[in-house]
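Data first, discussion second: the structure below is written as structure tokens.
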Amino acid sequence: MNYKHVVLLICLIIFSACKQDIHLSKIEGKQINISDSLTIDQNIEDFIKPYRENVNKNLDSILAYAVDTYSKSDGEYNTAIGNMMADAVYEQSNPVFKKRTGKDIDFVLLNHGGIRAIISKGNITTRTAYEVMPFENSTVVVTLKGAQVQELIEYLSTAKRAHPISKLNIVLDTDGNFKSAGLNGQPLDFSKTYNVATNDYLYNGGDRMDFFQTNDSLYVLDYKIRNVLIDYFTKIDTLNPVIDNRFIQLKN
């Protein structure tokens, strides 16, 4: 055994003798309250201030005017705010989709839970769009076969919730059972395929909308729902959506 081997052997013996098993026995933490009593670092404040003012200026820029206050709880099967969002997705996204594919979006389906704030009567700002849609969800268009569209209709008819839809009409009978579904005044043909605009959250199975997973094609528009709203608000002067007959239950 040469000198190098002897040194290596001694090092290994020393390392083995010194090695100990270390186990985590306890994790401790404490809550630190953040309040106005904390001292402000003026250098940091001076650095951040112009950025904060610029962000607030952009967020508070007026885009349109709402003639009333709109909430996702103001209707049973469809709401004014939900109808506005679904219609905005169609109006803003269809030109993008058509330019890329030469086809039209047939109808839109969003989710009731995705509406995160009311729109108050008065000025609509960029901040309004961020409050209504704080998530990073984007618009996608999914080509669904008739069988999946039928599952979609059954889902909505069973859920009986004001999930926003556009260009699609659903009628329940007086007992709340499915009666009919149509598109642009014509009955749905379940032997056809339909291009359905939705958001990537629902496409990935959100709200148990699994019917989107069985599709012929997926088109990612790279168009956030929030930006859809901002562009829509910028284009209009006055916001005045209504509850209509796109999803209703017949009365006795």
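The mean sequence distance of close C-alpha pairs (under 8 Å, at least 6 residues apart), as a share of the length of the range 58-249, puts its relative contact order at 36 percent. In terms of surrounding Cβ atoms within a 10 Å radius of their Cβ, GLU76, GLU91 rank from fewest to most as GLU76, GLU91.
Neighbour counts of C-beta atoms inside 10 Å place THR69, THR193 in the sequence THR69, THR193, starting with the fewest. Here percent of Cα pairs over 34 Å apart was computed from the coordinates, and among (i) 39; (ii) 24; (iii) 28 the match is (i). Phi angles of the range 109-125 translate, via the Karplus equation with coefficients 6.51, -1.76, 1.60 and θ = phi - 60°, into HN-Hα couplings of 9, 10, 10, 4, x, x, 8, 9, 7, 7, 10, 7, 4, x, 5, 9, 10 Hz per residue; Gly and Pro are given as x. Computed 3J(HN,Hα) for the range 201-206, one whole-Hz value per residue from the Karplus formula 6.51 cos²θ - 1.76 cosθ + 1.60 where θ = phi - 60°, is 5, 6, 4, 8, x, x, glycine and proline marked x.
In terms of other Cβ atoms within 10 Å, HIS163, HIS112 run from fewest to most in the order HIS112, HIS163. Considering only MET84, SER61, LEU218, the residue lying farthest towards the positive end of the dipole of the chain is LEU218, judged by Cα position with unit charges set on Cβ.
Each reported figure results from applying straightforward, stated rules to the coordinates on display, with no laboratory input. Predicted model, so just to flag it, every value in this text is computed and none were measured. With ideal geometry, Cβ positions are generated from the backbone for all residues, glycine too; neighbour counts draw on all protein chains shown.
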